[in-house]
Amino acid sequence: MAVIEFARNVCGLEGANSEEMAENPPYPVIHLLPDQKHVTEKGATMRLGSWDCNVVNNTLAHKLYGSTRITERHRHRYEVNNYFREKLAQSGMVISGVSPDYRLVEMIEIPEHPFFVATQAHPEFKSRPNRPHPLFKGIVAAAVERQARVSVK
């Protein structure tokens, strides 16, 4: 949804959408994984389970994870459409995580925002009360920091 919103309101791609929610959108910024196009028996055929991700240096994701290679859990059939990657990047979106073959966008960021990182993965699958996921820990820390700045004023 973050990519759709960004494509519509920052890139100016009116009608940008996901093929999962709209049939033949003018700008299908989210589309069915190519491997899924001919799948008729849905069952356990989606991108499911644990997958590696390359995290780009000097990004918020890199700062939060402290690593350039992570593993995250997935459960989906749709991904960022690579056709729009350059347009998104030219408009200010940072692709901060990709599959090891660079074929799939795993994470995005908007650096000008106080805390904006979005992932295709499901961080809730790896988070525990005594071991919060790095993304959850990061957003809570950013909220606490912002609240402290606002309280001082």
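The values are calculated or read from the model by the stated rules, or taken from the named source; none is laboratory data. If you're wondering where the values come from, they're calculated on a predicted model, not measured in any experiment. Neighbour counts run over all protein chains shown; Cβ positions are idealised from the backbone, glycine included.
See the values below:
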| read-out | value |
| --- | --- |
| Residue tally, condition assigned to a loop (DSSP other than H, G, I, E, B), of a type outside the set (S, T, N, Q) and modelled with pLDDT of 90 or more, over the range 115-144 | 4 |
| Pairs, first surrounded by 14 or more Cβ atoms within 10 Å (Cβ to Cβ) in the range 116-132, second assigned to a loop (DSSP other than H, G, I, E, B), C-beta under 7 Å, six or more apart | Phe116/Ile110; Pro123/His133; Lys126/His133; Ser127/His133 |
| Condition check for Arg73: of a type in the set (D, E, K, R), at pLDDT below 95 and within 15 Å of the chain's Cα centre (by Cα) | yes |
| Some residue of the range 29-52 being more than 14 Å from the chain's Cα centre (by Cα), part of a strand (DSSP E or B) and at pLDDT 95 or above | no |
| Hits in the range 72-93 (condition: in contact with a Phe, Trp or Tyr (Cβ under 6 Å, 6 or more places away or on another chain) and assigned to a strand (DSSP E or B)) | Arg73, His74 |
| Residue among Glu79, Glu112 that is surrounded by fewer than 16 Cβ atoms within 10 Å (Cβ to Cβ) and either among the hydrophobic types (A, V, I, L, M, F, W, C) or at pLDDT 80 or above (or both) | Glu112 |
